[in-house]
Amino acid sequence: MYKLEEILSKLQIKSLNEFQKQVLNVFLNSNKNVLLIAPTGIGKTTIAEIIMLMSQNKSVYISPLRALSYQVYNELSAIEPVRLATGDVYIDDQEEVDERIIMTTYEKMDSMIRRNYEWLNQVSTIFLDELHNMRDQKRSEAIELVLQWALEKQKRIITASATVGEIEKIADWLNAEIIRADKRPVPLFEYVKYGNKLINKEGKVIELKKDLIEYILDKGKNILIFENTRKRAESEYDRLRTIYGNKVILFHGGLSREEREEALQKIVKGEAKIVVSTTALGQGVNLPIYCVLLKEMELPQIENGRFVGWRRLTINEYKQIAGRAGRPRFDKEGIAIIEAKSEYQAKLFTNYLKDNYESIRSYLTPFKFILVHLSRNETETENELLNAIKYTYTLRNVNIRDIKLTLDKMSDLEIITEYITNNEKYYSLLPFGRALSYSYLDLEDAEYYRAVLKMKDFDIIHIIANSPKVIEVSRNADVEGILRDWIHGKELKELTKYGTNITEKDVRNIIDASTWQSYSFYAILKALNHKETNNALFVWLEIESGVPKNALNLVRLKGIGRKLALFLYQHGYSTKKEICNDIQNVISVMEKDDEMKKQTWRIKELCKSKK
């Protein structure tokens, strides 16, 4: 635990603003939960860092993005050891946590709670950032489950948002005091651009006498350009690169972690003056950006893994993206601009400049809540279970009859069992149910895999390829063909032949979903001590690694990636011992291949290691 003066010095902060002082005062002098409603740039993340450093017990910072958690991790890990827990949700990898401060994402925190790790009892405070993401169907369930757990376990909750409506209703649910700041410390000027005109929300027009990008660069500032698809972002990047050269960088979710980190560092250091991005930079990450330009106001709408059309950005989504402009310590103002392609669009888009925020909602179902809650608590009485539901946002007013119907359904599927002791009804999670919970599966998945388990024999890859979540992203492709060729070394571009108009990204989505589902199926079989458990384990590892069973040892060696592992396997090597005992011949074979000869240093490094 550190004193405030020491923390400010370590974080290189001269003083707190009034909003931050108010939050700290409530935190230190009361036991209240806190709901922070404040614009981007006022220092919500900074006050979270201060509170975590001042707390005696464990604290968890929960954000929507790995990048945001990683940014906070970088700042705090310079002061003391910090745990960064942002891996795949279905992997059990955080059982031992000695660090006092934990950085994670909504889904990973939910995953850790489901496993009911012992160290969670030591957590006294959680800081959940960007609460407005509870409107997102893909994120809301995890957010609500985390907050329900915190309320039930009486953890101290601080949650924050710049763009959420119905705050009194949320505060009532969280039993929280609202601390609100309406004014940004760095003013944000918002415009719609049509031609060479900038139009503000009052209709006032400013005429640009030069190209917008030239205008921004002449001021010595930088600009972040948002495109709505990766393809458009790449096209715009290529166009601008021919004009501005190395001043332009590209940022999107398809980059590796190292590439994203390198791009972020270039922005921070001022080396990148023009950043072209998708919505991957639309939330949370604190970067010195002066101007944000939104080239498109529609996002692709995906249903069951298929593109079904376009939807317009919500006001909250726009506000989050616009809020990236003008950051404290970097600028005295920020500019956000929406580009219109017609006079009609120009009039329509001015509505985005007004301060209207949408309310949150959640998609939590009785099935998922019961599954997760029993996963945390093993066994519950009916009264305890019904009482726990009162801490949810979505289900606290649901009809008890709906809960009991769900319990009956779960009992029929052998997910839970019920029994009566001393005139009280109890519910317990069965091994099948625990595997479902740990694997992030839902009722549709439960019904599918329960039907599979009734089969006498089955082909595991066929089962995975036809699972509901894989079909959702399949785009009608031949998934079995993709998986079998992927395991035997084919590259993504070669696998696009298994579908009509599918891209490498579509193939990657299919492989990612199949990795998740193959692990889940393995976990189910293991929980039930099924005869196919060992085969399912190897199928999961093969899909995850993209190599056949006999090459798995190779791909797990330090410095040996998929391509090199496949090359070595195809030339008769399957263990480190075999490689190092024949190192000269291995290097000789590699040097005959144009791509592999650049990797011979990896073999030399591998064989230096005694492990």
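The values are calculated or read from the model by the stated rules, or taken from the named source; none is laboratory data. Everything quoted here is computed from the prediction, not taken from an experiment. Ideal geometry is used to build each Cβ from the backbone, glycine not excepted, and the neighbour counts take in all protein chains shown.
Sort out which residues of region 2-31 are more than 27 Å from Gln320 (Cβ to Cβ) and either in contact with a helix residue (DSSP H, G or I) (Cβ under 6 Å, 6 or more places away or on another chain) or of a type in the set (A, V, I, L, M, F, W, C) (or both), and write them in order of number.
Tyr2, Leu4, Ile7, Leu8, Leu28
Only residues that are in a helix (DSSP H, G or I) and either within 13 Å of Thr394 (Cβ to Cβ) or touching a residue at least 40 places away in the same chain (Cβ under 8 Å) (or both): list them for region 119-141, please.
Answer for region 119-141, where residues must be in a helix (DSSP H, G or I) and either within 13 Å of Thr394 (Cβ to Cβ) or touching a residue at least 40 places away in the same chain (Cβ under 8 Å) (or both): Trp119, Gln122, Leu131, His132, Asn133, Met134, Arg135, Ser140, Glu141.
Quick one: Ala340 ticks every box in (1) more than 30 Å from Ile113 (Cβ to Cβ); (2) at pLDDT below 90 bar one, so which box is it?
It fails just one condition, (2).
For residues that are over 32 Å from the mean Cα position of the chain (by Cα), acidic (Asp, Glu) and not assigned by TED's automatic domain parsing to the domain that holds Thr406, tally how many sit in region 422-458.
Count: 1.
Has region 201-222 got at least one residue that is crowded, with 19+ Cβ neighbours inside 10 Å, assigned to a strand (DSSP E or B) and not basic (Lys, Arg)?
The answer is no, given that none of the residues of region 201-222 is crowded, with 19+ Cβ neighbours inside 10 Å, assigned to a strand (DSSP E or B) and not basic (Lys, Arg).
Per-residue answers, yes or no, for (1) in the same structural domain as Ser63 (by TED's automatic domain parsing); (2) under 21 Å from the mean Cα position of the chain (by Cα); (3) modelled with pLDDT under 95:
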| residue | (1), (2), (3) |
| --- | --- |
| Leu147 | yes, yes, no |
| Ile157 | yes, yes, no |
| Ala162 | yes, yes, yes |
| Val192 | no, no, yes |
| Asn196 | no, no, yes |
| Glu202 | no, no, yes |
| Leu208 | no, no, yes |
| Glu214 | no, no, yes |
| Leu217 | no, no, yes |
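With the requirement that a residue be touching a Ser or Thr at 6+ places or on another chain (Cβ under 6 Å) and either modelled with pLDDT of 95 or more or surrounded by 13 or more Cβ atoms within 10 Å (Cβ to Cβ) (or both), what does region 419-428 give you?
Tyr426, Ser428, listed by residue number.
Could you tell me whether region 543-561 includes any residue that is over 33 Å from the mean Cα position of the chain (by Cα), basic (Lys, Arg) and in a loop (DSSP other than H, G, I, E, B)?
There is no residue in region 543-561 that is over 33 Å from the mean Cα position of the chain (by Cα), basic (Lys, Arg) and in a loop (DSSP other than H, G, I, E, B).
Looking at region 142-175 only, could you name the residues that are acidic (Asp, Glu) and in a loop (DSSP other than H, G, I, E, B)? Even if it seems obvious, please write down each step before you answer.
Narrowing region 142-175 to residues acidic (Asp, Glu): 144, 152, 166, 168, 172.
Result: Glu166, single match.
Determine whether region 329-349 contains at least one residue that is within 23 Å of the chain's Cα centre (by Cα) and not hydrophobic (A, V, I, L, M, F, W, C).
Checked region 329-349: no residue is within 23 Å of the chain's Cα centre (by Cα) and not hydrophobic (A, V, I, L, M, F, W, C).
Does Val372 fit the bill of being buried (at least 18 other Cβ atoms within 10 Å of the Cβ) and more than 23 Å from Lys183 (Cβ to Cβ)?
Working: buried (at least 18 other Cβ atoms within 10 Å of the Cβ): yes; more than 23 Å from Lys183 (Cβ to Cβ): yes.
Yes; evaluated as a whole, the condition is true for this residue.
Condition check: under 23 Å from Leu386 (Cα atoms) and at pLDDT 95 or above. Does Ile463 satisfy that?
No: the conditions fail for Ile463.
Mind counting the residues in region 8-45 that are β-branched (Val, Ile, Thr) and without any contact (Cβ under 8 Å) to a residue 60 or more places away in the chain?
Of the residues in region 8-45, 1 are β-branched (Val, Ile, Thr) and without any contact (Cβ under 8 Å) to a residue 60 or more places away in the chain.
Filter region 170-190 down to residues that are at pLDDT 90 or above and not aliphatic (A, V, I, L, M) and give me whichever is nearest to Lys295 (Cα to Cα).
Result: Glu190.
I'm told Leu68 meets every condition in (1) at pLDDT 85 or above; (2) in contact with a Gly (Cβ under 6 Å, 6 or more places away or on another chain) except one. Can you identify the failing condition by its number?
(1)
Is it fair to say Arg475 is surrounded by 20 or more Cβ atoms within 10 Å (Cβ to Cβ), closer than 25 Å to Asp512 by Cα and outside the structural domain of Tyr569 (by TED's automatic domain parsing)?
Values: surrounded by 20 or more Cβ atoms within 10 Å (Cβ to Cβ): yes; closer than 25 Å to Asp512 by Cα: yes; outside the structural domain of Tyr569 (by TED's automatic domain parsing): yes.
Yes, satisfied.
So which residues in region 341-378 are farther than 19 Å from Thr392 by Cα, outside any helix (DSSP H, G or I) and of a type in the set (S, T, N, Q), if there are any at all?
Ser342, Asn356, listed by residue number.
Scan region 474-524 for residues that are polar (S, T, N, Q) and at negative phi and jot them down.
Going through region 474-524, the residues polar (S, T, N, Q) turn out to be 474, 476, 496, 500-501, 503, 509, 514-515, 517-518, 520.
If the condition is that a residue be polar (S, T, N, Q) and at negative phi, then Ser474, Thr496, Thr500, Thr503, Asn509, Ser514, Thr515, Gln517, Ser518, Ser520 are the ones that fit.
Counting only residues that are closer than 16 Å to Val146 by Cβ and either assigned by TED's automatic domain parsing to the domain that holds Ser111 or crowded, with 19+ Cβ neighbours inside 10 Å (or both), how many does region 377-413 have?
Here the count works out to 7.
I want to confirm something. Restricting to region 110-153 and keeping residues that are out of contact with any strand residue (DSSP E or B) (no Cβ under 8 Å at 6 or more places or on another chain) and either of a type in the set (S, T, N, Q) or on the phi > 0 side of the Ramachandran plot (or both), which single residue is surrounded by the most Cβ atoms within 10 Å (Cβ to Cβ)?
Among them, the one singled out is Ser111.
In region 527-542, which residues are assigned to a helix (DSSP H, G or I) and either on the phi > 0 side of the Ramachandran plot or free of Cβ contacts under 8 Å to residues at least 60 places away in the same chain (or both)?
Correct list: Thr533, Asn534, Leu537, Phe538, Trp540, Leu541, Glu542.
All but one of (1) closer than 21 Å to Glu595 by Cβ; (2) outside any loop (DSSP other than H, G, I, E, B); (3) not hydroxyl-bearing (Ser, Thr, Tyr) hold for Lys490; which doesn't?
Unmet for Lys490, out of (1) closer than 21 Å to Glu595 by Cβ; (2) outside any loop (DSSP other than H, G, I, E, B); (3) not hydroxyl-bearing (Ser, Thr, Tyr): (2).
Criterion first (hydroxyl-bearing (Ser, Thr, Tyr), more than 25 Å from Thr229 (Cβ to Cβ), out of contact with any strand residue (DSSP E or B) (no Cβ under 9 Å at 6 or more places or on another chain) and in contact (Cβ under 8 Å) with a residue 12 or more places away in the chain) does Ser514 satisfy it?
no
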